[in-house]
Amino acid sequence: MYFFIWFQIHKINLKKQYYKWVICMPNIHSSINFALVNIPVVMNPIIKNNDTSFNQLHEKCGSRINYIKYCPKCKAKVKEADLVKGYEYEQNKYIVFNKEELNKLKPENEKEIDIIAFVPLKDIDPMYFEKSYDIDVEGKGKAYYLFCEALKKSKLVALAKTVIGSKFYYCILRFNEQNIILTTLYFEEEVHEHKDSSDYKIDDKELDLAMQLINSLKGKFEPSKYKDEYQNNIRKAIDAKLDGKAVKSVKKKNKKQISDLMEALEKSLKTK
């Protein structure tokens with residue numbers, strides 16, 4: 001009886017611990033440089049990782065695996081304070097940098113968001129978008145609200161540069177209904193776009209059927225409707241295991257592959 005009560009309490013505590021999904025990300029204090037106007041702001045990360053966190057365990061005993069920084073030459077564990085960074089310019093040959101040297105290379109005004117231009121949002125391909133932050137004002141903030149109104153009226157976005165953590169970024173600042181969103185951008189050399197040079201001849205009837213299929217699936221983007229099915233299945237499996245139940249396989253639909261394009265399009269329309 002006592003074991004049963006202990007197990008139920010322990011199970012509840014496990015579930016409480018498991019459902020702490022939202023990790024509090026640290027706010028970043030910065031300022032927007034709009035010509036000679038300086039606007040103190042706080043950057044709040046918008047995106048939170050919703051993935052279930054797993055630890056690696058030793059299958060034999062169930063113990064959690066530890067990762068140790070180890071030097072094979074000295075045959076000893078290495079402390080964080082004894083680490084430096086090395087760039088391998090030839091095999092097994094390194095140029096060494098310490099923290100002080102790397103700090104000397106950081107851009108000027110690294111804690112600020114320096115606006116360099118105003119551009120139309122449509123000029124920036126979404127594939128360059130990396131991570132977004134909600135910008136909140138510090139203090140009374142009249143300059144912030146003036147900047148918001150100016151962005152709104154101009155229908156442009158501010159292109160800026162800044163440093164977040166130890167990484168240099170170009171970013172955009174855009175007005176979004178009631179506040180400003182900062183989105184960091186990938187550099188051109190980070191984006192590898194596949195260029196398709198194939199020359200296909202499309203039949204008018206095939207294109208007409210494809211357009212009918214698109215129109216039959218036309219809708220509005222409603223983020224609240226779209227759930228992470230895989231993560232939801234993992235959470236259900238965790239609950240099942242906590243209750244001592246086996247994990248069930250997800251039912252999958254068997255889709256028949258049709259090689260003929262016209263036949264595939266026609267059958268797709270009939271199922272709608």
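The values are calculated or read from the model by the stated rules, or taken from the named source; none is laboratory data. Note that the structure is a prediction, hence the values are computed from the model and not measured. All Cβ positions, even for glycine, are placed from backbone atoms using ideal geometry, and neighbour counts span all protein chains on display.
Computed quantities for the displayed model
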read-out: Any hit, segment 186-199, residues being modelled with pLDDT of 85 or more and within 18 Å of ILE46 (Cβ to Cβ); value: yes
read-out: Qualifying position, being farther than 29 Å from ASP134 by Cβ and exposed (fewer than 10 other Cβ atoms within 10 Å of the Cβ), among LEU217, LEU265; value: LEU217
read-out: Candidates TYR94, TYR87 - the one that is more than 30 Å from the chain's Cα centre (by Cα) and assigned to a strand (DSSP E or B); value: TYR94
read-out: Any pair with Cβ under 7 angstrom, 6 or more apart, that starts in segment 179-195 at a residue that is without any contact (Cβ under 8 Å) to a residue 60 or more places away in the chain and ends at one that is small (Gly, Ala, Ser); value: THR183/SER132
read-out: Enumeration of residues in segment 95-146 that are acidic (Asp, Glu) and over 19 Å from GLU190 (Cβ atoms); value: GLU100, GLU101, GLU108, GLU110, GLU112, ASP114, ASP134, ASP136, GLU138
read-out: Among the residues listed as ASN103, ASN109, the single one being at pLDDT below 85 and not in a loop (DSSP other than H, G, I, E, B); value: ASN103
read-out: Matching residues in segment 117-132 - criterion: being surrounded by fewer than 14 Cβ atoms within 10 Å (Cβ to Cβ) and not in a strand (DSSP E or B); value: PRO120, LEU121, LYS122, ASP123, ASP125, PRO126, MET127
read-out: Among residues of segment 64-77, those that are in a loop (DSSP other than H, G, I, E, B) and surrounded by 10 or more Cβ atoms within 10 Å (Cβ to Cβ), counted; value: 1
read-out: Complete set of residues in segment 29-63 that are part of a loop (DSSP other than H, G, I, E, B) and within 25 Å of the chain's Cα centre (by Cα); value: ILE46, ILE47, LYS48, ASN49, ASN50, ASP51, THR52, SER53, PHE54, ASN55, GLN56
read-out: Hey, ALA210 more than 22 Å from ILE28 (Cβ to Cβ), of a type in the set (A, V, I, L, M) and without any contact (Cβ under 8 Å) to a residue 24 or more places away in the chain or not; value: no
read-out: Residue check, ILE135 touching a residue at least 12 places away in the same chain (Cβ under 8 Å), within 22 Å of the chain's Cα centre (by Cα) and either part of a strand (DSSP E or B) or assigned by TED's automatic domain parsing to the domain that holds LEU151 (or both); value: yes
